[in-house]
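The values are calculated or read from the model by the stated rules, or taken from the named source; none is laboratory data. As the structure is a computational prediction, the values presented were derived from the model and not from experiment. Neighbour counts are summed over all protein chains in view; Cβ atoms, including those assigned to glycine, are modelled from backbone coordinates with ideal geometry.
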Amino acid sequence: MKKTIQLILCLSLPMMAMACGKGNPTSASLTTAEAMVSNTGDDSGECLTVFSHINREDVVHYQVTDPDMNIEGQDGFYARAACSLAWPKTVMGRSSARLQQALIDKIVGEPEKFKSLEDALRHEMDATNYIPFEKSDIKDVKHIKKIPDDAGMNQAYYDVQLTPMKMDKNLCVFMFAKDSYMGGAHGIYWTEYVTYDVVKDKVVQLTDLVTDTVKLSEVITKALFDQEGVNNMAALNDKGFLLDDVKWVPITQNIYVEDFSIHFVYHPYEIACYARGQVDVEVEPYRLDEAGIQSKYLQELIDRYTR
């Protein structure tokens, strides 16, 4: 029987989350509180998950060398970086270096740049990384507890959250929600995903799921047409998409697997205007099967759930 633990279960536990390293993240050590989920629905008594709940925030005030760069005569600028991570120490009783490395890579946006969560957070949570000025223009950096209420547009921020979106004995899907503002009319937000095969101790890649990425682009396009109730690219663009010069929707590696479907998630502006928000295109297995590009691995995964 398929057993799924939804996000709300993981986050509604008595988390006892402690703030970690508020102030200067380069000098503080992580303090964590463990939360345990132990309802497998069988008699094994095994714990499904063990997470460390990690919170970190850094807020700085700084001045710039050119006073014209300040907004409305204020004497400085403010930046905030914050994270909230439901960090998987173990999943289904297993500690996976592969999974943890994939999550670290998502945090920093670069593969294999850091090997430890502490090093990744030390880099990523430095609020001076998220500023609309060159670092050479900055002076008098001060770490403060919060951005003043009257800071207005004279601020920048970067927030990241990691949460388990889906979890069962076969697959775990982790979602990163990122939100930032670096000046201008509005901020930008996006989500990214890591799908982990618990049985095989494997981080699932797109090439594991399909055999032909050239045909896949056509399959994604037809799925998006059906999703939007159109039958051609011109009609799609009339609904706020930005695909004027392409025949097929481009493939994104930002994917997750749910109910045997592959979800292709496009950030704002990637294939559609900001007002459309993120676009999540669901490609069901029958579409892949009809195109002849469903992999043996995906069929095996479906068999695990249905046999």
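Odds and ends about this structure:
- Residue in the stretch 142-156 that is closer than 30 Å to Ser52 by Cα and modelled with pLDDT of 95 or more present: no
- Single residue of the stretch 102-121 satisfying the filter (within 22 Å of Ile255 (Cα to Cα) and touching a residue at least 24 places away in the same chain (Cβ under 8 Å)) that is surrounded by the fewest Cβ atoms within 10 Å (Cβ to Cβ): Ala102
- Subset of the stretch 106-126 (residues that are of a type in the set (A, V, I, L, M, F, W, C) and more than 14 Å from the chain's Cα centre (by Cα)): Phe114, Leu117, Ala120, Leu121, Met125
- Any hit, the stretch 188-203, residues being in a loop (DSSP other than H, G, I, E, B), in the same structural domain as Ala120 (by TED's automatic domain parsing) and touching a Gly at 6+ places or on another chain (Cβ under 8 Å): no
- Test: Asp159 is touching a Cys at 6+ places or on another chain (Cβ under 8 Å) and either farther than 30 Å from Phe260 by Cβ or surrounded by 19 or more Cβ atoms within 10 Å (Cβ to Cβ) (or both): yes
- For the stretch 244-274, the set of residues classified as touching a Pro at 6+ places or on another chain (Cβ under 9 Å) and not acidic (Asp, Glu) consists of Phe260, Ser261, Ile262, Tyr266, Ile271, Tyr274, listed by residue number.
- Count - residues of the stretch 204-221 that are in a helix (DSSP H, G or I), closer than 15 Å to Gly292 by Cα and not polar (S, T, N, Q): 8
- For Val198, the conditions (1) at negative phi; (2) surrounded by fewer than 18 Cβ atoms within 10 Å (Cβ to Cβ) all hold with the exception of (2).
For every residue, the table says whether it meets (1) within 29 Å of Leu99 (Cβ to Cβ); (2) modelled with pLDDT under 95.
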residue	(1), (2)
Gly187	no, yes
Val204	yes, no
Val219	yes, no
Ile251	yes, no
Asp259	yes, yes
Ala275	no, yes
Asp280	yes, no
Glu284	yes, no
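- Within the stretch 203-251, the set of residues being crowded, with 16+ Cβ neighbours inside 10 Å, within 27 Å of Leu301 (Cα to Cα) and in contact with an Asp or Glu (Cβ under 8 Å, 6 or more places away or on another chain) comprises Val203, Val204, Ala223.
For every residue, the table says whether it meets (1) of a type in the set (S, T, N, Q); (2) over 14 Å from Tyr78 (Cβ atoms).
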| position | (1), (2) |
| --- | --- |
| Ile107 | no, yes |
| Lys115 | no, yes |
| Asp140 | no, no |
| Lys146 | no, no |
| Thr163 | yes, yes |
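- Taking the stretch 117-138 as the range and being out of contact with any Asp or Glu (no Cβ under 8 Å at 6 or more places or on another chain) and farther than 17 Å from Phe77 by Cβ as the test, the residues that pass are Leu117, Glu118, Asp119, Ala120, Leu121, Arg122, His123, Glu124.
- Residue pairs whose Cβ atoms lie under 9 Å apart, sitting 6 or more positions apart in sequence or on different chains, and linking a residue in the stretch 275-287 that is over 14 Å from Leu298 (Cβ atoms) and small (Gly, Ala, Ser) to a partner that is at pLDDT below 95 and part of a strand (DSSP E or B), are Gly277/Tyr189.
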